[in-house]
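Novice: Before I ask anything, let me first share the structure, which is written out below as structure tokens.
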Amino acid sequence: MSMDVTFLGTGSAYPSPCRGASAIVFRTEGECWLFDCGEGTQTQFMKSALRAGRITKIFITHLHGDHMFGLPGFLCTVSLQCGAVPSKQHVDIYGPVGLRSFVQMSLEVSHSQLAFTYTVHELLPSEDQCPPEEFKDFSKCPGVCSPPSTEEQVISADTTDGTYCLLENEQFTVQAFKLYHRIPSFGFVITEKDRPGKLNVNKLRELGIPPGPLYGKLKLGSAVTLENGQTISPCDVVGDPMPGRKVCILGDCSGVTATGAVRLCQDADLLIHEATLDDTQMEKAKEHGHSTPKMAAEFSNLCRAKKLALTHFSQRYKPPGLVSEGDEDVTVLKTQAESLLIGQSVILAEDFLTINIPMKKSS
């Protein structure tokens, strides 16, 4: 099954001629999810080969404008593409407490009616995720935090490790963990479940089992009994499971506050981490709740990630062909990360870059 990640916006603070504001699309066969939705994300979709109407889940890392100002417009664009007939599509939206009110108020004030239904699931942040003077407990603010409906929920963190369980289906689990930023921020981990191993067709033929429903039962882990009374177990004819893949997408941060973060991100096939400023600007980066390549590489090493993708670049860093007076070459960020990584590859994200995540082989 194919799996890839496409960057629609890789700049920080605001969209520019070089880079859109933060937006990442995770895609597999049958699933298409959006992570962050900065201003202009719907336009970025139209410039890409992706279809906005396929999005079924949206995850917002934190409530800064360059990560969510595009959300009302994006939802309205998808609605317009649905046409006048109400759509059967449903969109689940995940993000910090306060997101529900932002979406509802934006749509209400603009008299926008969506052709599809949506549900907002809010993550309850904690005071250790930002400077004390910046923390706002929206869960206790009437009018700012609207009460959830029966379908919606406020999700609390595991008190032991600062992680959240967001969803689980037949293919994936999605979890989140706490990050430290100027306001509460979150990282998301998509873990694909192991897939059944391959059937040994030659052995099945030797046992006299013709192709048919019995193959499917064995593939799914059920033993079967033949007409002669012989019982065949899956372990007799099915190879080792194919390990699932893992993608980690971190919001803006200058550190991780959840003790369970490294565990969740362990052995990630792709770790997406911000690197707003280069290592010579580390103090400034930390002051504003951001990371440098060194900080991203150190977390990648802890997680033993196979591939690190840097994103969310300050507008001062330009692609090599667009560097002019007063600008800096963005490739310096890659060089700084590579100097610290232990065996991993590093990629500088750019708008419309797609990273394919190949299936793993059975162990």
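Novice: If a residue has to be in a helix (DSSP H, G or I), small (Gly, Ala, Ser) and surrounded by 12 or more Cβ atoms within 10 Å (Cβ to Cβ) to count, how many in the range 305-363 make the cut?
Specialist: Result for the range 305-363: 1.
Novice: Quick check on Leu341: is it aliphatic (A, V, I, L, M), within 17 Å of Ile249 (Cα to Cα) and touching a residue at least 12 places away in the same chain (Cβ under 8 Å)?
Specialist: no
Novice: How many residues are in contact (Cβ under 8 Å) with a residue 40 or more places away in the chain, among the aliphatic types (A, V, I, L, M) and in a helix (DSSP H, G or I) if we restrict to the range 225-271?
Specialist: Residues in the range 225-271 being in contact (Cβ under 8 Å) with a residue 40 or more places away in the chain, among the aliphatic types (A, V, I, L, M) and in a helix (DSSP H, G or I): 3 in total.
Novice: Let me ask another. Considering only residues that are open to solvent by less than 70 Å² (accessible area, probe 1.4 Å) and of a type outside the set (A, V, I, L, M, F, W, C), which ones fall in the range 275-293?
Specialist: Once the filter is applied, which keeps residues that are open to solvent by less than 70 Å² (accessible area, probe 1.4 Å) and of a type outside the set (A, V, I, L, M, F, W, C), the range 275-293 yields Thr276, Asp278, Asp279, Gln281, Gly289, His290, Ser291, Thr292, Pro293.
Novice: Ok, one more. Would you confirm, using the coordinates I've provided, whether Leu63 is more than 16 Å from Thr10 (Cβ to Cβ) and touching a residue at least 60 places away in the same chain (Cβ under 8 Å)?
Specialist: Yes.
Novice: Out of all the residues in the range 11-48, which are among the hydroxyl-bearing types (Ser, Thr, Tyr), surrounded by 20 or more Cβ atoms within 10 Å (Cβ to Cβ) and more than 18 Å from Tyr94 (Cβ to Cβ)?
Specialist: If the condition is that a residue be among the hydroxyl-bearing types (Ser, Thr, Tyr), surrounded by 20 or more Cβ atoms within 10 Å (Cβ to Cβ) and more than 18 Å from Tyr94 (Cβ to Cβ), then Ser12 is the only one that fits.
Novice: Still on this structure, I have one more. With the structure loaded, tell me whether Asp4 is open to solvent by less than 40 Å² (accessible area, probe 1.4 Å), over 17 Å from Leu107 (Cβ atoms) and part of a strand (DSSP E or B) or whether it fails that test.
Specialist: Spelling it out, Asp4 is indeed open to solvent by less than 40 Å² (accessible area, probe 1.4 Å), over 17 Å from Leu107 (Cβ atoms) and part of a strand (DSSP E or B).
Novice: What number goes with the only condition from (1) surrounded by fewer than 18 Cβ atoms within 10 Å (Cβ to Cβ); (2) modelled with pLDDT of 95 or more that Leu123 does not pass?
Specialist: (1)
Novice: Evaluate the range 80-88: report whether one residue or more is within 20 Å of Leu250 (Cβ to Cβ) and touching a residue at least 12 places away in the same chain (Cβ under 8 Å).
Specialist: Checked against the condition, which is being within 20 Å of Leu250 (Cβ to Cβ) and touching a residue at least 12 places away in the same chain (Cβ under 8 Å), the range 80-88 yields no hits at all.
The values are calculated or read from the model by the stated rules, or taken from the named source; none is laboratory data. As the structure is a computational prediction, the values presented were derived from the model and not from experiment. All Cβ positions, even for glycine, are placed from backbone atoms using ideal geometry, and neighbour counts span all protein chains on display. For accessibility, only protein heavy atoms count, side chains too; no ligands or nucleic acids. Shrake-Rupley method; radii C 1.70, N 1.55, O 1.52, S 1.80 Å.
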